[in-house]
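Reviewing the structure listed below.
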Amino acid sequence: MKGQIDLKRKISPATRGSFITYGMVTAAFIVTQILVSTGRVSNMFQGLLVPFCVYSIAAVSLNLTVGILGELSLGQAGFMCVGAYTGAIFSLMTKDAITSAWVRFPLALLIGGLAAAIFGVLIGIPVLRLRGDYLAIVTLAFGEIIKNVFAALYIGTDSRGVHVSLTSQGDLGLEPDGKMIINGALGISGAPKDSTFVIGFVVLLLTLIVMYNFINSRTGRAVMSIRDNRIAAESIGLNITKYKLITFGLTAFLGGVAGSLFSHNLAVLQASKFDYNLSILILVFVVLGGIGSMRGSVIAAVVLTLLPEVLRSINNYRMLIYSVVLIVMMIFTSNATIRGFFAANFAKLKGVIIKNKPDTAKEGV
Amino acid sequence: MALLEVKNLGITFGGLHAVDGFSMSIEKGELYGLIGPNGAGKTTCFNLLTGVYKPTMGTIYLDGENITGKSTIDINKAGIARTFQNIRLFSNLSVIDNVKAGLTNNYRYSTATGVFRLPKFFKTEKLMNEKAHELLKVFGLDEESSTMAANLPYGKQRKLEIARALATDPKLLLLDEPAAGMNPNETAELMNTIRFVRDEFDMTVLLIEHDMSLVSGICERLSVLNFGQLLCQGKTSDVLSDPEVITAYLGE
Ligand SMILES: Nc1ncnc2c1ncn2[C@@H]1O[C@H](COP(=O)(O)OP(=O)(O)OP(=O)(O)O)[C@@H](O)[C@H]1O
Ligand SMILES: [Mg+2]
């Protein structure tokens, strides 16, 4: 109660920023839902709705490590892979026991997230103690190893229990009525397609709330202090390793949730999807959306997922337009001078329109 | 018993004895100055006291506790806070968040409490805001609490560093050239502020300074370093009239 009174009295810029993002995402969701229900949306676009959410969650959570902690991670696909597989395996095995998707799917998301978080912490404990770019190197290797392990993994169940092999399906020696769960490079098929746009939206919104609340808390402040000046952060007694681990663990957790959301949207889940290119793609969303800007990550993830699909019809110029958009976004989001220039002119323009003196408009810079 | 007891402290960087057998003892509540020509080893001394460098010899006792060789983090927890000669603020954080970062260890709630905005979050944040504003007021910074630290003028950045250090509630405050880059008016104001902090917060202060008006104005005792070694130690007026000290400063 006290907190609500506090908020009303003085809404901080950080709080306002977070609510703008929530509002924007919610509005986009509602408009899309209306368009879908009135049948104005193509099949192609409908097929992108869950991926929008998946990539947004993956990008926002990576932004926590890259933008708030200031460490480079090239392994987001690895955490998504862990989440995708554990979530899908959980759903496959409990499909008969838990019939309600409303119970089963949230659990699958949670389990996917937790499994990824365990890997995140295990990697983080040795690596985050080091200074420099070790995290980038190790996460890059982790992503590739995870992908290859899952691509070589065979798991099946029969009346005698669970069988695991890293060589071939035959090696499992399943009974005739046995069931394959993971079939090596062919992956997992038959996991329930529980992901919907509604659930994706809810998870994205929750992710954003967790993100903003984390950043605007005691822990988030400590993490950003470490990012800005490690030596000063030590001098005020901040436990560097602990805060780095919490942050990286949260990134891995939400990466895993995104992965689990992803795998429940696919008919067949294959490890090859979670390669190095996916990690780089997510990083591109983060960089182009603006390092440290959660809202930017969502916008970049949606725009850059949609764009290649929209441009399919003009195939010849597709990559050309795609790269021009990348460059324009980069200029807008990462160059302070140019951003200031546009902000100033925008403010002036506004001043002209509402007949203000240009002097007051300058404050918008 | 003295608050800070340094005995025979030393460190070498490849053959260079940056600090060489330095001893000093500071009483609780004292305003103590560490002076000496450029490159004498003053900042290195601070880095040894705060665990940035591990001493190659000697011992450091704070309030009876042996803190020799401890980490910077543990030394801050034991009660030493500092500022830096080359300012080290959290430049992308607001002024108040810089101070609140300093409050992190003394105003606690868990990460989950923060993420889920439990009642304890609001309660603790309110206390933190009050404490931070109280500290900012001491340094005349409370009007600028939401300014980004990097956008503060130089003199105010130095003050903010002191406020952040005080936020950790230390027993001993180390200031590395707090008046550097300040004009005489600002320096005079800073002297008052340092005295105020000592009196109001019951603080013990050790400061490095080249500005002799500040040193003679507020320091009760001095140690003079020269080439890493103690040249002279004692009451400020005695030390500043010592012929050896005068030649060390004017010599070469
Ligand atoms: N990390 C280091 N590695 C090598 N030499 C160092 C290191 N740190 C300091 N020194 C050397 O130790 C000596 C003392 O430096 P220090 O910074 O302590 O001087 P100072 O008394 O603070 O001088 P100033 O008044 O210019 O700040 C200098 O010769 C310096 O070059
Ligand atoms: Mg120095």
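Remarks
- Residues of the range B:24-39 classified as open to solvent by less than 50 Å² (accessible area, probe 1.4 Å) and either more than 12 Å from ligand 1 (Cβ to nearest atom) or out of contact with any strand residue (DSSP E or B) (no Cβ under 7 Å at 6 or more places or on another chain) (or both), total: 8
- In the range B:184-228, the residues that are open to solvent by 70 Å² or more (accessible area, probe 1.4 Å) and within 16 Å of ligand 2 (Cβ to nearest atom): B:PHE227
- Qualifying residue in the range A:63-70 (condition: in a loop (DSSP other than H, G, I, E, B) and within 17 Å of A:GLY255 (Cα to Cα)): yes
To keep it simple, each residue is scored yes or no on (1) away from ligand 1 (no atom under 16 Å from the Cβ); (2) more than 14 Å from chain A (Cβ to nearest Cβ); (3) closer than 28 Å to B:ASP20 by Cα; (4) not hydroxyl-bearing (Ser, Thr, Tyr).
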| site | (1), (2), (3), (4) |
| --- | --- |
| B:LEU141 | yes, yes, no, yes |
| B:THR147 | yes, no, no, no |
| B:LYS159 | yes, yes, no, yes |
| B:ASP169 | yes, no, no, yes |
| B:PRO178 | no, yes, yes, yes |
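- Of everything in the range B:40-82 that is away from every other protein chain (no Cβ under 14 Å) and assigned to a helix (DSSP H, G or I), the residue that is farthest from ligand 1 (Cβ to nearest atom) is B:CYS45.
- Checked against the criteria, A:THR99 does not count as polar (S, T, N, Q), at pLDDT 95 or above and either out of contact with any Leu (no Cβ under 6 Å at 6 or more places or on another chain) or over 17 Å from A:LYS244 (Cβ atoms) (or both).
- Every residue from the range B:140-165 that is under 14 Å from B:THR83 (Cα atoms) and open to solvent by less than 60 Å² (accessible area, probe 1.4 Å): B:GLY155, B:GLN157, B:ARG158, B:LYS159, B:LEU160, B:GLU161, B:ILE162, B:ALA163, B:ARG164, B:ALA165
- Hey, B:GLY234 of a type in the set (Gly, Ala, Ser), touching a residue at least 12 places away in the same chain (Cβ under 8 Å), more than 16 Å from ligand 2 (Cβ to nearest atom) and at positive phi or not: yes
- Residue count for the range B:1-39 satisfying the condition of being in a strand (DSSP E or B) and charged (D, E, K, R): 3.
Yes/no per residue for (1) within 13 Å of chain B (Cβ to nearest Cβ); (2) open to solvent by 40 Å² or more (accessible area, probe 1.4 Å); (3) at pLDDT below 95:
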{"position": "A:ALA185", "(1), (2), (3)": "no, yes, yes"}
{"position": "A:PRO192", "(1), (2), (3)": "no, no, yes"}
{"position": "A:LEU204", "(1), (2), (3)": "no, no, no"}
{"position": "A:LEU208", "(1), (2), (3)": "yes, no, no"}
{"position": "A:PHE214", "(1), (2), (3)": "yes, no, no"}
{"position": "A:ILE226", "(1), (2), (3)": "yes, no, no"}
{"position": "A:ASN229", "(1), (2), (3)": "yes, no, no"}
{"position": "A:ALA232", "(1), (2), (3)": "yes, no, no"}
{"position": "A:PHE253", "(1), (2), (3)": "yes, yes, no"}
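- The helices (runs of 4 or more DSSP H) located wholly in the range B:155-249 that include 3 or more residues which are assigned by TED's automatic domain parsing to the domain that holds B:ILE26 occupy B:212-218, B:236-240.
- A:PHE274 open to solvent by less than 10 Å² (accessible area, probe 1.4 Å), of a type in the set (Phe, Trp, Tyr) and either at positive phi or within 13 Å of chain B (Cβ to nearest Cβ) (or both): no
- Search result, residues across the range A:279-320 that are over 20 Å from A:PHE262 (Cβ atoms), open to solvent by less than 60 Å² (accessible area, probe 1.4 Å) and over 19 Å from the mean Cα position of the chain (by Cα): A:LEU311, A:ARG318
- For B:GLY181, the conditions (1) away from ligand 2 (no atom under 16 Å from the Cβ); (2) open to solvent by 10 Å² or more (accessible area, probe 1.4 Å); (3) not aromatic (Phe, Trp, Tyr) are fulfilled apart from (1).
The values are calculated or read from the model by the stated rules, or taken from the named source; none is laboratory data. Just so we're clear, the structure is a prediction, and the values are computed from it rather than from any experiment. Using ideal geometry, Cβ is built from the backbone for each residue, glycine included, and neighbour counts are taken over all protein chains shown. These accessible areas exclude ligands, DNA and RNA; they are computed on the full protein's heavy atoms, side chains included. Shrake-Rupley method; radii C 1.70, N 1.55, O 1.52, S 1.80 Å.
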